[in-house]
Structure formats: C-alpha cells, structure tokens
Amino acid sequence: MYRYIIEDTRHVPPFNEPASLLTIGTQPLKLHHEELFVRVFGENIQLGGTMNSREDIPHANIRRDAEVVVYRDSLWFDEEFFTYFVEKARKTGKACRAAFPASDKAFHTYTIPLTKGFEATLGPDNKVLFLCDLWYFPNGYTSEIVPLPIPSEAHEIGFYSVPDFMTMEQGDLTHYAPMRAVISIESWVHIYFATIIFGNFGRAGRLDRKIERSVFTQLKLLWHAVVEQKQILSASGAVKIGKNCSIDPSAIITGPATIGDNCSIGAGVVIDNCTIGNNVTIDAGCVLMMSTVADGCFLPFRASLYLTAVMENTIIAQNTCLQMCVIGRNSFVGAGSTFTDFNLIAQKPMRAANIDGELQSVGQIVLGSAIGHNCRIGSGMVVFPGRMIESDVVLVASPQRRVISRSITYEESDHHFIKHGDVHKRFYPRKDEVHEPESTWDSW
C-alpha cells in the first residue's frame, strides 16, 4: 500500500501555518493522517510521493503494482469515514473518489461553509455530490474514477430548551452528531467544527447509537458503573483515563471523555464530554464542557471552556470564559477575559473569514473567536464573536482597548508600542513574508 500526498501550503488565518501543522483535537493534522493510515492498513504502508495539486495526479507516476491512496493534507477525516471509504472502494474494484451528498445535514451544515476545497458533480441519481480530495486506486492511476458517496448518518444532539431570542426562532440550539465526518481545514471555524462537533459530539453520537443498538454495550456500561459505584457515564466504560493522573475525588467527570497521561485535575473541577491531552493541569473550580485541551496546557482555578478547542502549551488563566473558540499553541489568555458568542442586537447568522480573508456566513447563530499561536492576551479583555487575533500578537488591556470589536493583526500588537516589547519574538510570519510588511488584513 502506498500513499501520495497533495501538499496544501496555504496559510490558515489567524495561525499563519498550513493546515497540516495545525492541531485538530489533540494532535497535528499531519500526525493524525499518519497514525490513521497505520491503524487502517498496518505498518506496511509507504509514502509514494508528494504533489502540489489534484491536477498533478495524472502525471505523478503513481505505482501500478499496489493499492494507492491519494489525499490532500489539509483534508481532515475521522477513522470511521476513512474506513468506510476504503472498504466500499475495495469492494467495487474500481478507482474511487470520496464524496458526500450535498443534502446531508451534517456535511451541509459544517463541511461546506467557508470552503473552496470541494468540487460539485451530479451523482447517478442526479443529486448533487461534493467530491473530496481523497482517492483510492486498486492498481495505479486511471482516469476512470467513480465517485463514492459516504453518508454521515448524523442525528441531532444538543440543547432542546433554549429561549426563542437565542435561536432567532429558527429552531433549537442543536448540532448534528455524525457517525462519519470529513472537512477541509481552511478556516479556524473548520478547526472548531472538526475538533468539537465532529470530534466530541461525533463520539457522543456514536456512543448513543451503540447503546441504542447493542444490549452488550448497555450491560458493559452498567457493569463498570456497579463495580466502581459511579453513575453510568462517569464510570470507566465511558471515561478513559491515562497513566499517572492525579484526580481529586470531588472532581466530576462525565463521559464520553478521554483524559491523557500525567494529568492533574483539582478539586471541584467539572468535565463533561471533553478530550484532554497529556501533561495537562486543570486546577480547582474549572468547568469544561464539550471542549478539547491539547498537551501541556495549564488552566488555573475557575477557568471555563464551553465548546472550545485549545492547542498545545497554552495557559487559560483564572476566571476566563471561552465559548466556541479556537486558541493556538503557546499562547496566554489573561485572567477575567470573556470571549462572547452571541450578537446582542443584530440577531443573524455569524460571519467569519475564509482562507482568502473574505467574510462569509458560517450558518451558526452563536460562534466565538480565534487566537493564533504565541499570543499574549492581557487580563479583563472582552472579545466579540467571530473575531481573529493573529499569531504573535500581544494585547494589553487599557481604557483605549479593552473591548476587541474587530480582528487584530500583528502590526497592531501592543508589544510594538510598550516598554521592553522587543523581547516578544515573532515565530509565525505570514506566508512568503520576509520583511515586516504593511497589514494585508481588512479591519472589521
């Protein structure tokens, strides 16, 4: 088995990095692909080569003596999606390209907005399909490629009792939890969807489905709860805890949840349907709901995360509230900061920037904000929904700037103007940027 990679070198704002290097869940997308291929195909998989675009595939000298998979390295897909695609493609005996129906609720809601990475075509039933940059060739390249539609089989999950002014009378504040998921990482919003909706919600949806359909699963969860004298979703059947963890007895952990190795969880902590990486410290009184925290992060007392993804080695200080946000690696968010997720007056679907910086509707009525890598955000800041703070930015709270009502670029960072600001180094310049250019971002 060989794999060929289409390298997407575009930078995803506000991180100023290609998607393959960004953390989805608790690991970089590139590492996710490598481990996924090993789990599906075993150790006997080799890298056949790389290319720059899908147009290079016919000229890539793809081997003809073995199975081949070609994929774009900015395309995130979970194990369930990939396994389904490979199994169905092998059964056809033909060259196949992964696709999904445009009418699929989960893909329509999360995968299509802000995205330029899919091609539309008509399926055999004259219904619209979106083609993914994921191919299977049983015996080398051929131009005769058939689309292979993959359903998400999503079901609705979330909050069913929300005041009308929050939902704008468009329905309940719910999400579609998919059994299989794919998304092109071209915006920070896609990281949020992949990590939180397709990751944590998807995991919860699959557990719900197994409980509904399998008596064995029901008995297994019940057995763990009885033996451990815990509630069913707090026992080890639904909560996976790694090695060498220190968890205070008063902490409440509700599954499905995964906690990595060498973690410390303090008194009164509440964790509900979360994914926690390795070497994470969560101190007393923190509340994490349906969120993901990557390796090496530190949350002092009473920090709150709600549907939020935090990348490696980041500090979320005390009394800070993050809602539906994505925070880059090696960043600091100061105490008492609040990231809002709801327009108080203009009640309409949120807008966010795509990979080209163009504002488009996300299709969500609530949405947080994004902070890049190596940022330092001072205490007491308030950040409006849908805004971005570029990598390497420092913001110091002041009477002139305490409420962030528009996106902030590196050129607007406070470290350019404060004493000793030169000690803060820039590690994530924009693509092909050599010198310090004028801002190319549009202000909001």
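For the subset of the stretch 314-350 comprising residues that are within 19 Å of the chain's Cα centre (by Cα) and of a type in the set (A, V, I, L, M), which member is farthest from MET381 (Cα to Cα)?
MET350
Applying the selection to the stretch 36-61, what residues are crowded, with 16+ Cβ neighbours inside 10 Å and over 22 Å from THR83 (Cβ atoms)?
MET51, ARG54, ILE57, ALA60
Given (1) modelled with pLDDT under 95; (2) in a helix (DSSP H, G or I); (3) buried (at least 16 other Cβ atoms within 10 Å of the Cβ), identify the lone condition not met by HIS33.
In the conditions (1) modelled with pLDDT under 95; (2) in a helix (DSSP H, G or I); (3) buried (at least 16 other Cβ atoms within 10 Å of the Cβ), HIS33 misses (1) alone.
With the structure loaded, tell me whether LYS105 is exposed (fewer than 14 other Cβ atoms within 10 Å of the Cβ) and either in the same structural domain as ARG64 (by TED's automatic domain parsing) or modelled with pLDDT of 95 or more (or both) or whether it fails that test. Working first, answer last.
On the way: exposed (fewer than 14 other Cβ atoms within 10 Å of the Cβ): no; either in the same structural domain as ARG64 (by TED's automatic domain parsing) or modelled with pLDDT of 95 or more (or both): yes.
Judged against the criteria, LYS105 is not a match.
From the list ILE232, ILE259, which residue is crowded, with 19+ Cβ neighbours inside 10 Å and among the β-branched types (Val, Ile, Thr)? Spell out the reasoning first.
Working: ILE232 fails: crowded, with 19+ Cβ neighbours inside 10 Å.
On inspection, the qualifying residue turns out to be ILE259.
Conditions: (1) buried (at least 17 other Cβ atoms within 10 Å of the Cβ); (2) free of Cβ contacts under 8 Å to residues at least 24 places away in the same chain. LEU222 meets all but one. Number of the miss?
Single failed check for LEU222: (1).
Out of the helices (runs of 4 or more DSSP H) lying entirely within the stretch 168-262, which hold 3 or more residues that are over 20 Å from GLU80 (Cα atoms)?
Values: elements: 188-192, 202-213, 215-228.
Because the criterion is at least 3 residues that are over 20 Å from GLU80 (Cα atoms), the helices (runs of 4 or more DSSP H) in the stretch 168-262 that meet it are 215-228.
When you check LEU47 against the structure, is it part of a helix (DSSP H, G or I), of a type in the set (A, V, I, L, M) and out of contact with any His (no Cβ under 8 Å at 6 or more places or on another chain), yes or no?
So LEU47 fails the test.
Would you confirm whether any residue within the stretch 328-349 is at pLDDT 95 or above, among the hydroxyl-bearing types (Ser, Thr, Tyr), assigned to a loop (DSSP other than H, G, I, E, B) and more than 21 Å from THR275 (Cα to Cα)?
Checked the stretch 328-349: at least one residue is at pLDDT 95 or above, among the hydroxyl-bearing types (Ser, Thr, Tyr), assigned to a loop (DSSP other than H, G, I, E, B) and more than 21 Å from THR275 (Cα to Cα).
Taking LEU305, is it of a type in the set (A, V, I, L, M), part of a strand (DSSP E or B) and either in contact with a Pro (Cβ under 7 Å, 6 or more places away or on another chain) or crowded, with 24+ Cβ neighbours inside 10 Å (or both)? Talk me through it step by step, then tell me what you get.
Working: of a type in the set (A, V, I, L, M): yes; part of a strand (DSSP E or B): yes; either in contact with a Pro (Cβ under 7 Å, 6 or more places away or on another chain) or crowded, with 24+ Cβ neighbours inside 10 Å (or both): yes.
Yes.
Being free of Cβ contacts under 8 Å to residues at least 24 places away in the same chain and touching a strand residue (DSSP E or B) at 6+ places or on another chain (Cβ under 8 Å) is the filter; apply it to the stretch 394-403 and report the residue that is nearest to VAL383 (Cα to Cα). Full working, then the answer.
Here is the first cut: in the stretch 394-403, the residues free of Cβ contacts under 8 Å to residues at least 24 places away in the same chain are 395-396, 398-403.
Now restrict to residues that are touching a strand residue (DSSP E or B) at 6+ places or on another chain (Cβ under 8 Å): 395, 401-403.
Values: LEU395: 11, ARG401: 11, ARG402: 9, VAL403: 6 Å.
Taking the candidates together, the pick is VAL403.
Right, VAL362: in contact with a Ser or Thr (Cβ under 8 Å, 6 or more places away or on another chain) and either within 23 Å of HIS11 (Cβ to Cβ) or modelled with pLDDT under 90 (or both) or not? Even if it seems obvious, please write down each step before you answer.
Numbers: in contact with a Ser or Thr (Cβ under 8 Å, 6 or more places away or on another chain): no; either within 23 Å of HIS11 (Cβ to Cβ) or modelled with pLDDT under 90 (or both): yes.
Judged against the criteria, VAL362 is not a match.
The values are calculated or read from the model by the stated rules, or taken from the named source; none is laboratory data. Since the model is a prediction, treat every value here as computed from it, not as a measurement. Because the Cβ atoms are built from the backbone with ideal geometry, glycine has one as well, and the counts that use them run over all protein chains shown.
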